[in-house]
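Structure provided below as structure tokens; questions to follow.
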Amino acid sequence: MELRAEKISKDFLRYSAKNGYFIAVQETDLHLAAGTLTAVTGRSGSGKSTLLNMLGGLMKPVTGRVLVDDADLYALSEEERAELRRRHIGIAPQQLMVLSGLSVRENILLPALLAGEETEAAARADELMECLGIPELGTVDPAELSGGELRRVTIARALVMRPEILLADEPTGDLDEETTRSVLSLLRAAADERTAVLLVTHEPAAKDYADCCRRMDAGILTQSA
């Protein structure tokens, strides 16, 4: 499975702007092929997260199309788009979103529970917690976790269903060097297993794991050196 963006852009109404709009992402093409890891770097506010949200079906672009194989993501109904995401796209958002009524392990297994595949995904959840250094936290309430631990829960949840497309927004932003390497290795391993991976990051080491590096400045995506 692959994801292709064709001439997508996004702007927001802002009365203080010269023309009344703030352009977050200028017209952009991007291809995420199966089995590759693409890293997008850039300063905060450059449009990286907006780009990722459009690619993930979470924010409709003003222009252009997002194609998942032959399916036009925004030509689908909201229900169809949510179903496609649930079955094929893993998203690790920058915001740390967990359900406090569930344990760490239950939060990680949530996508599998919604798909009726909790039993099949249980071993994968345990494997991911081990790789991310949180095997002892499975029964803990997320309210007791640090920011870095919550980040690892979010990453494990995005990976637990072995998605065909993975979009990760600053997944190493609040992690130490050793855990950062573990996360980048997991993303690389996902790509090696034929997942199309997009990594939005400030982490300089990401380039060592990526097949393609792009840079975003003021909403413009360019090839990185």
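The values are calculated or read from the model by the stated rules, or taken from the named source; none is laboratory data. Here the structure is a predicted model, which is why all the values come from computation and not from measurement. No Cβ is skipped: glycine too gets one built from the backbone with ideal geometry, and neighbour counts run over all protein chains shown. Side chains are part of the model used for accessible areas, which takes the heavy atoms of the whole protein and leaves out ligands, DNA and RNA. Shrake-Rupley method; radii C 1.70, N 1.55, O 1.52, S 1.80 Å.
One line per residue, one yes/no per condition, for (1) modelled with pLDDT of 95 or more; (2) under 21 Å from Gln94 (Cα atoms):
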position: Leu30; (1), (2): yes, yes
position: Ala34; (1), (2): yes, no
position: Gly42; (1), (2): no, yes
position: Thr50; (1), (2): yes, yes
position: Asn53; (1), (2): yes, yes
position: Met59; (1), (2): yes, yes
position: Leu67; (1), (2): yes, no
position: Asp72; (1), (2): yes, no
position: Leu76; (1), (2): yes, no
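While we're looking at this one, here's another question. Would you say Arg81 is modelled with pLDDT of 90 or more and surrounded by 15 or more Cβ atoms within 10 Å (Cβ to Cβ)?
Details: modelled with pLDDT of 90 or more: yes; surrounded by 15 or more Cβ atoms within 10 Å (Cβ to Cβ): yes.
Spelling it out, Arg81 is indeed modelled with pLDDT of 90 or more and surrounded by 15 or more Cβ atoms within 10 Å (Cβ to Cβ).
Still on this structure, I have one more. Which condition from (1) surrounded by fewer than 20 Cβ atoms within 10 Å (Cβ to Cβ); (2) under 13 Å from the mean Cα position of the chain (by Cα); (3) of a type outside the set (Asp, Glu) is the one that Leu55 breaks?
Every listed condition holds for Leu55 apart from (1).
Same structure again: Of all residues in region 151-162, which are crowded, with 20+ Cβ neighbours inside 10 Å and either β-branched (Val, Ile, Thr) or over 18 Å from Ala210 (Cα atoms) (or both)?
Listed by number, the residues that qualify are Arg151, Arg152, Val153, Thr154, Ile155, Ala156, Arg157, Ala158, Val160, Met161.
Given the residues Arg194, Arg215, which is the only one that is out of contact with any helix residue (DSSP H, G or I) (no Cβ under 9 Å at 6 or more places or on another chain), under 27 Å from Val66 (Cβ atoms), in a loop (DSSP other than H, G, I, E, B) and among the charged types (D, E, K, R)?
Arg194 is the lone residue from the list that is out of contact with any helix residue (DSSP H, G or I) (no Cβ under 9 Å at 6 or more places or on another chain), under 27 Å from Val66 (Cβ atoms), in a loop (DSSP other than H, G, I, E, B) and among the charged types (D, E, K, R).
Let me ask something else about it. Within region 197-210, can you find the residues that are touching a helix residue (DSSP H, G or I) at 6+ places or on another chain (Cβ under 7 Å) and either closer than 14 Å to Ala168 by Cα or open to solvent by 40 Å² or more (accessible area, probe 1.4 Å) (or both)?
Across region 197-210, the qualifying residues are Val197, Leu198, Leu199, Val200, Glu203, Ala206, Tyr209.
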